Amino acid sequence: MEKISLNEVLAENILIRSQRLGLNLTGLIKKTGLSRNSLSYIRNGHAQKIAFLTLEKIAQALECEPYELLKPVDF
């Protein structure tokens, strides 16, 4: 099994959950109140650190708990 970094797990979960809810980047920006640059950076797997408040905002917008965004997706 290939090891995936936590920032990549977060990015993948955000993408999957956004697609399930029919949210594009603009919709996610509106729901979270985060800047386009910040959200793009996180969503593309480039974030090295993230504030708990930011994670909570993203989770709320994606209708899940924050910990769910940090769990690797099982296929």
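The values are calculated or read from the model by the stated rules, or taken from the named source; none is laboratory data. Quick caveat, the model's predicted, so the values are computed rather than measured. As a convention, Cβ positions derive from the backbone with ideal geometry for all residues, glycine included, and neighbour counts pool all protein chains shown. Keep in mind that these areas ignore ligands, DNA and RNA; they rest on the heavy atoms of the full protein, side chains included. Shrake-Rupley method; radii C 1.70, N 1.55, O 1.52, S 1.80 Å.
Which ones in the stretch 42-61 are on the phi < 0 side of the Ramachandran plot, of a type outside the set (A, V, I, L, M) and surrounded by 17 or more Cβ atoms within 10 Å (Cβ to Cβ)?
Matches in the stretch 42-61: R43, T54, K57.
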Every pair of residues 6+ apart whose Cβ atoms lie under 7 Å, when the first sits in the stretch 47-75 and is farther than 20 Å from T26 by Cβ and in contact (Cβ under 8 Å) with a residue 40 or more places away in the chain while the second is open to solvent by less than 70 Å² (accessible area, probe 1.4 Å) and among the acidic types (D, E): V73/E12
Considering each residue of the stretch 62-75, count those that are surrounded by 13 or more Cβ atoms within 10 Å (Cβ to Cβ) and over 16 Å from R20 (Cα atoms), and give that number. 3
Among the residues of the stretch 13-25, the number that are of a type outside the set (A, V, I, L, M, F, W, C) and open to solvent by 60 Å² or more (accessible area, probe 1.4 Å) is 4
